[in-house]
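Step one of this worksheet: look at the structure below.
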Amino acid sequence: MTKVSYLRASHGFRSPAPTPETLLQSHLARIDEREPTVHAFTALNRDSARREAKASAQRWLEGAPLSPIDGMAIGIKDIIETADMPTGQGSPMWAGFATGRDSASVQALREAGAIILGKTATTEFASTEQYSTTTNPHDEERTPGGSSSGSAAAVGSGMVPVALGSQVVGSTLRPASYCGCVGYKPSYGALNRGGSFDTLSQSCVGLIGAELEDVWAVARAIADRVGGDPGQAALEGPAALPAPKAPQRLAVLETDGWRHASKGALAAFEAELDRLRAAGVEIVGRSQNAGMAALEEALDGALALTWRIMSWEFRWPLGAYVKTHPNLVSAAMQGRLADAEKMTPADYNAALAARQRVRDIFAQQMEHLDGMIALSATGAAPVGLSYTGDPRMNVPASLLGVPAVSLPVLADEGLPLGVQLIRSAGDDAGLMELAAWRWTMENPHSGSDVASRGA
């Protein structure tokens, strides 16, 4: 499946072709071709998109684009508010509901000249249990992952170059892995999630794209215009994708997910480590390093700890939803509420303290490393649409609140599989240096002609 960087394509916008209009037409044609099978979108705004593309083309012709992503078509996960389309949260309770306002991220993207093409499907309340009809663009019998299901499927099938998602456990990195996309989970709070029905304490705006430089440009466009979450440091770094920087020392992060990974995924990952060693990178793990062994032990049970934290934080709004619309809330989400109602504030405080202890151990280990590396998923996307896949490989970065990237450079069962790179909280630019280095190993010309472009 051909992947085209919007930033590289936009170099030609001052010549007759391509233009934002012709690129949009190619996206719409791709939607007409694939959407009947993929079901990535819950809403599309074709007429508005065409008007915005025409206006963008004129700005580029005049040499006055609003940003490098002026004219880029973007999908928006259906928990993120858009003034011109409903925000249904994957729930029949909110079907057709429109707030009439843009979220902070969408506001920023419009100010940057991006085209908000449509809303992408998600699971119920961006959780993992209640699934939608979205299919994997590489195999319609398989899940695209969740909960950013439509965002990953739309990018993976070439409908848009970038889509917004979110992540609390693995909702960006896992579907990116399954659908053969770049996935980026920023540091906690680095991108403003105001206007998103996504208030949990590990939640963050996530980005899924076909190319690493496009993903970074969209993240910078949001941070430059609306910053981070209130009280949190906004994403920092250069306007263009940071220059590649080779790591000297990476640690393998196995965690609980390792025990559930397929043989094919483990073999692909070991081959990846061999490539890195051949490139001069020192690889360490729990067997060679007592500190990493301590971190692995601390992360054992990270998924259960995350569920406890999430359950308490879901007391609202689930309590209100079940009280007012009990027949429109799934049994799985009602079960989560029941779990929350068994907890006390002391239980929640203890869970937060446990999370902080893990974060402290991780920070200590990162003092001696350039990053950590892991699988992005336990294997290829599972067959069937009733289960969005195992999130165990993704939960550590979410629990730790640190930035992580999934790069689609591996395969399992002949299907996409991502490798995950992790860096310290707040060092998203450093993560992108590392990711750009690995990405150029796979795509030697990727990013080379856009690295010097400003905002």
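A few remarks follow.
- Rounded to 5, percent antiparallel among DSSP beta bridges of the chain: 70
- Options G430, L28, S151, ranked by Cα towards positive dipole end of the chain, top entry (Cβ charges): L28
- For the range 171-328: rounded, prolate or oblate by the Cα gyration tensor [a/c cutoff 1.5]: oblate
- Sparsely packed loop sites in the range 304-368 (the GluC sites (Glu not before Pro) outside DSSP H, G, I, E and B with at most 15 other Cβ atoms within 10 Å) comprise E367.
- Dipole check for the chain: with +1 at the C-beta of Lys and Arg, -1 at the C-beta of Asp and Glu, and the Cα centre as origin, the magnitude is about 440 Debye.
- GluC sites (Glu not before Pro) restricted to the range 14-104 and DSSP loop, no more than 16 other C-beta within 10 Å: E62
- Residue exposure sequence - M333, M159, M441 - by fewest surrounding Cβ within 10 Å: M441, M333, M159
- Legend: ranking of residues L117, L109, L399 from fewest to most surrounding C-beta atoms inside 10 Å; resulting order L399, L109, L117.
- Local electrostatic count at S48 - Lys and Arg +1, Asp and Glu -1, tallied over other residues with Cβ under 13 Å: +2
- Over the residues of the chain, the helix contribution to mean residue ellipticity at 222 nm works out to -12000 deg cm²/dmol, using -39500 (n - 2.57) for each DSSP H run of at least 4.
- Computed from point charges on the beta carbon alone (+1 for Lys and Arg, -1 for Asp and Glu), the dipole magnitude for the range 209-310 about its Cα centre is near 100 Debye.
- Simple spin-label estimate for T324 and A29 gives 4.6 nm between the two label positions (7 Å along the Cα-to-Cβ direction from each Cα).
- Relative exposure of K77, K54, K119, K263, judged by other C-beta atoms within 10 Å (fewest first): K263, K54, K119, K77
- Dimensions (Å) - the range 110-207, Cα atoms, principal axes, largest first: 35, 32, 19
- Close Lys pairs in the chain, defined as Cα atoms under 27 Å apart and 8 or more places apart or on different chains, number 14.
- The chain - Rg (one decimal) and Dmax (whole number), Cα, Å: 20.6, 64
- For the range 136-212, GluC sites (Glu not before Pro) are listed when DSSP marks them as loop and at most 11 other Cβ atoms sit within 10 Å of their Cβ; the list is E141.
Readers should treat all values here as calculations from the given coordinates under stated rules, not as data from a laboratory. The model shown is predicted, which means the values in this text are computed figures rather than measured ones. Here Cβ is always computed from backbone atoms with ideal geometry, including for glycine, and neighbour counts include all displayed protein chains.
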